[in-house]
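Visitor: Handing you a structure now.
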Amino acid sequence: MTKRFGPVAALDKVDIALYPGEIHAVLGENGAGKSTLVGILSGNLTPDDGDLSLGERKLSFRSARDARKFGVDIVQQHFMLVPAFTVAENLALFALGDSSRVVEHAREIADRLGWNLDLRARAADLSVGALQRVEIVKALMSDGRILLLDEPTATLTPNETEDLFRVMRRLREEGKAIVLITHKLQEALSVGDRVTVLRRGKVVVSMPAQGVSPGQLAVWMVGDTPPELNKPLRSAGSTVVNVAGLSIFGERGETVVDNVSFSLSAGEIVGFGGVSGNGQVELAEALAGVRGSIADDVAYIPEDRQRDGLALPMSISDNLLASARNRKEVSFVGVLVPFKVRSWCERVVAKFGIKTDSIDAPASSLSGGNQQKVVVARALDSEPEIIVAVNPTRGLDIVAENYVHSQLLEAKRRGAAIALFSTDLEELALLADRTFIMSGGRLLQGDNAAELMGGLE
Amino acid sequence: MLLPFGLVLILALTILIFGLPFGQSLQLLFEGALGDKFGIHRTILKCAPLIMVALGTIVAWRAGMFNIGGEGQLIFGVCVGGWIAAAAGGLPAGVQTPVILIACGLGGALYAGIAGWLHAVRGVNVVISTILLNFVALHLLSYLVRGPLQTSAGTIPQSEPVDKAVRFSILDPQTALHFGVLLVPVFAVIVWFLLKHTTGGLKLRLVGANPNAARASRIGVTRVQVIALMLSGALCGLAGGIEYLGSSGILFDDFSPGWGFLGIPVALLAGLHPLWAVVSGLYFGALFAGSKNLEAFGATGSALVYAMQGAAVLAFVAISRFAVRQTEEAKS
């Protein structure tokens, strides 16, 4: 199957085979194409090319409903439950056709899996693990052939994860074809019978899980192991930021950053690597002052330019001004002086090579790479003391990527303290003076990249 | 380009659906709104509060705060203004006028501030809080004109009129066109300048367009939202103040015929642009002024305008969504 979004192929001629009675783990980094694959299998996306078939029979899903009718059930990464409804009401809401037997049916399934499900509890009152059990029961009620689990363990405790795996093995014995989407190596190896690794929309490898080593999987996921992970500290000055024993808790009280300590010095780049979702974004936001201010002179390059970086309907100049609004080059006692704004913006656009006809065009008119340049440009142009960057080169072509790298190194030479969060170990090896790997919210330091990839404890 | 044509088309369709004689209706509407000095002045008087409320709506909505409480803020504003007018009788007239006007604005701002505070502290949805506060303000006015602010003269539920010298000077005694309407374009330009050319306005627009991005640029999102809502309330309060000091200077139950609501479609039709709000306000002001003539056909006159206003805004919103999608598709 092939699926394109604009010029980007999210999936590029991907072949995947599911067998009854088998757990098929699909591994990949963010942006590898996992979500697109889930979208196609669940009928939410239609492939541009390629086809789905069951044996000899060709399938075409025109909607999620089609896929469900055929027997593809999904447990989504984000719970699809109405918080104010009881468990029974949520199940009835989802039931195809007859909803009168819902309670009975749900109880049967729960019993079979060895769960005690309180059908009268309100979804809002349940723990994450219990919500997930509801989602699984919900998926099993239509009794399909294929069960898709999209990152099911993201918010589970280790015990809940173990229980989920027990149930998955149980369902495998019942003859279901199970797809486990994950970016955790250990999970893929502990329940998977077969692993498929996606990278940049392509299948890197698809083979039985037996005998595959975690290190090998990590290499398949992120590309070649970088030559050198830890670099000696170079020419670092005085300490600019000192973090001691920082913990951050998520919305449900789970620990996302766990007792982290480190320092940032002027003139150094400290790298934070690891599989995404291990606390990097939360730590970056804390450093950048997005979650309550810590310092005045921090420039932040957020991870997701469209969600957190840009106001897409607003003009390129407004977006550039967002963090430069109070600088003398553009404003005077709160008034943005039009001719100053224009000359400043045009200088920045030229300096950072942002390709656009006009600085008054909306940011949405730019290509992804140029949108990223806007975010990088406004962060670096002010020559900040502290820079926090999360995947600053995501989606950029080689030339633009090199440019961003040279800008970061230039900032370092100037004496900036830089925290560089990146899932690309090669990028960290290239730029960082020292690199921490984040895993489960903690900082690890070591030299075997493969061993340090997320999920391995 | 299509907008004026579309508006006329919708107007024509509405007239047909209402079953009124087509040519005659259009002619009467036109004459009532722009036919002579009386019509033109009536149009200007009608559009003034609509434009002011539209400006208030724009300030809040641009910040993503969907203020539906213009009516309540307008009424609470004039309540405060009326109270100050009653208390400040001793001051010279030239001082009283601005003081009362400012009191109206502050009243509106404070009243919107309640919704802002609930939003900031408790996360209460602004649409709901502002709608509900409308009713509180209406009943507060109703109480005041029967109690503390009631005229000493009689039993009618209305306030003591503001002294003639304190009210805006009349530009034309025949039509009661007053000096206060000149404030409206001034405020439109001020709002435009604030939004477009100040760092505060930039922050406000960023917060409205993408609060996450605003946060990443270290903007205090909640603070900006509350300030935007209070500015919005101030403009709605001033809408009431200009009307209060421009007309008879009397407060009564139905002081506002719903300006606080009618201003919202004016803002939408202007694409939330403060200068276009003047044009859009003039258009609707003209329709309301003209609809007086249609009452010859029964009570359908202003009903026709309300129906047409709703239809026009729906069409406008739908078409602009469509236009956005077209450009997005063209791009990909």
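Visitor: Just for the range B:210-226: of the residues that are hydrophobic (A, V, I, L, M, F, W, C) and in contact (Cβ under 8 Å) with a residue 12 or more places away in the chain, which one is farthest from the other protein chains (Cβ to nearest Cβ)?
Guide: Of everything passing the filter in the range B:210-226, B:Val226 is farthest from the other protein chains (Cβ to nearest Cβ).
Visitor: Does any residue of the range A:337-349 turn out to be touching a residue at least 24 places away in the same chain (Cβ under 8 Å) and not in a helix (DSSP H, G or I)?
Guide: Within the range A:337-349, not a single residue is touching a residue at least 24 places away in the same chain (Cβ under 8 Å) and not in a helix (DSSP H, G or I).
Visitor: In the set B:Lys196, B:Lys203, which member is of a type in the set (Lys, Arg), surrounded by 17 or more Cβ atoms within 10 Å (Cβ to Cβ) and within 13 Å of chain A (Cβ to nearest Cβ)?
Guide: The unique qualifying residue is B:Lys203.
Visitor: Would it be correct to say that B:Leu50 is surrounded by 22 or more Cβ atoms within 10 Å (Cβ to Cβ) and assigned to a helix (DSSP H, G or I)?
Guide: Answer is yes for this residue.
Visitor: Looking at B:Val121, B:Val189, B:Val184, B:Val126, which is the one that is exposed (fewer than 15 other Cβ atoms within 10 Å of the Cβ) and under 17 Å from B:Val59 (Cα atoms)?
Guide: B:Val189
Visitor: Also, quick follow-up: Report, by residue number, each residue of the range B:32-73 that is hydroxyl-bearing (Ser, Thr, Tyr) and within 13 Å of the chain's Cα centre (by Cα).
Guide: Scanning the range B:32-73 gives a single hit, B:Thr57.
Visitor: Of the residues that sit in the range A:8-39 and are modelled with pLDDT under 90 and in contact with a helix residue (DSSP H, G or I) (Cβ under 9 Å, 6 or more places away or on another chain), which one is farthest from the other protein chains (Cβ to nearest Cβ)?
Guide: For the range A:8-39, the residue satisfying everything is A:Leu27.
Visitor: Hey, could you check the range A:378-403 for residues that are hydrophobic (A, V, I, L, M, F, W, C) and buried (at least 22 other Cβ atoms within 10 Å of the Cβ) and say which is nearest to A:Gly28 (Cα to Cα)? So that I can check it myself, show each step before the final result.
Guide: If we filter the range A:378-403 for residues that are hydrophobic (A, V, I, L, M, F, W, C), which is where we start, we get A:379-380, A:386-390, A:396, A:398-400.
Applying the additional criterion that residues be buried (at least 22 other Cβ atoms within 10 Å of the Cβ) yields A:379-380, A:386-390.
On the way: A:Ala379: 30, A:Leu380: 31, A:Ile386: 32, A:Ile387: 28, A:Val388: 25, A:Ala389: 22, A:Val390: 19 Å.
Looking at the filtered set, the residue picked out is A:Val390.
Visitor: Now for a separate question. Scan the range B:100-130 residue by residue and report those that are out of contact with any helix residue (DSSP H, G or I) (no Cβ under 6 Å at 6 or more places or on another chain), under 21 Å from B:Phe252 (Cα atoms) and β-branched (Val, Ile, Thr).
Guide: Kept after step one, since they are out of contact with any helix residue (DSSP H, G or I) (no Cβ under 6 Å at 6 or more places or on another chain), are these residues of the range B:100-130: B:102, B:106, B:110, B:114, B:117, B:121-123, B:125, B:127-128.
Applying the additional criterion that residues be under 21 Å from B:Phe252 (Cα atoms) yields B:102, B:106.
Once the filter is applied, which keeps residues that are out of contact with any helix residue (DSSP H, G or I) (no Cβ under 6 Å at 6 or more places or on another chain), under 21 Å from B:Phe252 (Cα atoms) and β-branched (Val, Ile, Thr), the range B:100-130 yields only B:Ile102.
Visitor: I need every pair where a residue in the range B:102-127 that is at negative phi and without any contact (Cβ under 8 Å) to a residue 40 or more places away in the chain has its Cβ under 8 Å from the Cβ of a residue that is among the hydrophobic types (A, V, I, L, M, F, W, C) and assigned to a helix (DSSP H, G or I), sequence separation at least 6 or different chains.
Guide: B:Ile114/B:Leu133; B:Val124/B:Ala115; B:Val124/B:Leu118
Listed here are the residues, each with its yes/no results for (1) β-branched (Val, Ile, Thr); (2) under 21 Å from A:Thr157 (Cα atoms); (3) within 27 Å of the chain's Cα centre (by Cα).
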site: A:Arg57; (1), (2), (3): no, no, no
site: A:Arg68; (1), (2), (3): no, no, yes
site: A:Gln77; (1), (2), (3): no, yes, yes
site: A:Ala88; (1), (2), (3): no, no, no
site: A:Leu91; (1), (2), (3): no, no, no
site: A:Arg101; (1), (2), (3): no, no, no
site: A:His105; (1), (2), (3): no, no, no
site: A:Trp115; (1), (2), (3): no, yes, no
site: A:Ala130; (1), (2), (3): no, yes, yes
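Visitor: Could you please find all residues in the range A:108-131 being part of a helix (DSSP H, G or I) and either surrounded by 15 or more Cβ atoms within 10 Å (Cβ to Cβ) or of a type outside the set (Lys, Arg) (or both)?
Guide: A:Glu108, A:Ile109, A:Ala110, A:Asp111, A:Leu113, A:Ala123, A:Ala124, A:Asp125, A:Val128, A:Gly129, A:Ala130, A:Leu131
Visitor: Another question, if that's okay. List every residue pair whose Cβ atoms sit under 9 Å apart, with the two residues 6 or more apart in sequence or on different chains, where the first one lies in the range B:263-292 and is of a type in the set (Val, Ile, Thr) and the second, anywhere, is not in a helix (DSSP H, G or I).
Guide: Short answer, once both residue conditions are applied: B:Ile264/B:Asn67; B:Ile264/B:Ile68; B:Val278/B:Ala270; B:Val279/B:Ala270.
Visitor: Being of a type in the set (Gly, Ala, Ser) and in a loop (DSSP other than H, G, I, E, B) is the filter here, so list the residues in the range A:46-75 that pass it.
Guide: A:Gly50, A:Gly55, A:Ser60, A:Ser63, A:Gly71
Visitor: What residue, of B:Gly310, B:Gly241, is assigned to a helix (DSSP H, G or I) and closer than 25 Å to B:Trp117 by Cα? Can you show your working first?
Guide: On the way: B:Gly310 fails: closer than 25 Å to B:Trp117 by Cα.
Every option except B:Gly241 fails the conditions.
Visitor: Whether any residue in the range A:48-70 is charged (D, E, K, R), out of contact with any helix residue (DSSP H, G or I) (no Cβ under 8 Å at 6 or more places or on another chain) and under 17 Å from A:Leu198 (Cα atoms) is what I want to check.
Guide: Scanning the range A:48-70, I find no residue that is charged (D, E, K, R), out of contact with any helix residue (DSSP H, G or I) (no Cβ under 8 Å at 6 or more places or on another chain) and under 17 Å from A:Leu198 (Cα atoms), so the answer is no.
Visitor: Among the residues of the range B:224-270, which ones are of a type in the set (Phe, Trp, Tyr) and either within 13 Å of the chain's Cα centre (by Cα) or modelled with pLDDT under 90 (or both)?
Guide: Of the residues in the range B:224-270, the ones of a type in the set (Phe, Trp, Tyr) are B:244, B:252, B:255, B:259, B:261.
Within the range B:224-270, B:Trp259, B:Phe261 qualify.
Visitor: Of the residues that sit in the range A:408-430 and are of a type in the set (A, V, I, L, M) and touching a Gly at 6+ places or on another chain (Cβ under 7 Å), which one is modelled with the highest pLDDT?
Guide: Applying the filter and picking the extreme gives A:Leu420.
Visitor: So, one more: Evaluate the range B:310-327: report whether one residue or more is modelled with pLDDT of 75 or more, under 20 Å from the mean Cα position of the chain (by Cα), surrounded by fewer than 22 Cβ atoms within 10 Å (Cβ to Cβ) and closer than 23 Å to B:Leu74 by Cβ.
Guide: Yes, some residue in the range B:310-327 is modelled with pLDDT of 75 or more, under 20 Å from the mean Cα position of the chain (by Cα), surrounded by fewer than 22 Cβ atoms within 10 Å (Cβ to Cβ) and closer than 23 Å to B:Leu74 by Cβ.
Visitor: Check B:Phe76, B:Phe66 and return the single one that is of a type in the set (Phe, Trp, Tyr), buried (at least 22 other Cβ atoms within 10 Å of the Cβ) and within 21 Å of B:Phe261 (Cα to Cα). I'd like the intermediate steps shown before the answer.
Guide: On the way: B:Phe66 fails: buried (at least 22 other Cβ atoms within 10 Å of the Cβ).
Only one candidate qualifies: B:Phe76.
Visitor: Now for a separate question. Within the group A:Ser358, A:Ser343, A:Ser317, which residue is hydroxyl-bearing (Ser, Thr, Tyr) and within 12 Å of chain B (Cβ to nearest Cβ)?
Guide: A:Ser317
Visitor: Mind telling me which of the residues A:Val75, A:Val103, A:Val87 ends up being surrounded by 15 or more Cβ atoms within 10 Å (Cβ to Cβ) and closer than 15 Å to A:Asp143 by Cβ?
Guide: Going through A:Val75, A:Val103, A:Val87 in turn, the sole match is A:Val75.
Visitor: Being surrounded by fewer than 18 Cβ atoms within 10 Å (Cβ to Cβ) and under 24 Å from the mean Cα position of the chain (by Cα) is the filter here; which residues of the range A:132-155 pass it?
Guide: Keep residues of the range A:132-155 that are surrounded by fewer than 18 Cβ atoms within 10 Å (Cβ to Cβ), which gives A:142-143, A:145, A:154.
Hit for the range A:132-155 is A:Ala154, nothing else.
The values are calculated or read from the model by the stated rules, or taken from the named source; none is laboratory data. Just so you know, these numbers come straight off a predicted model, no measurement behind them. Every residue, glycine as well, gets a Cβ built from its backbone with ideal geometry; the counts of neighbours run over all protein chains shown.
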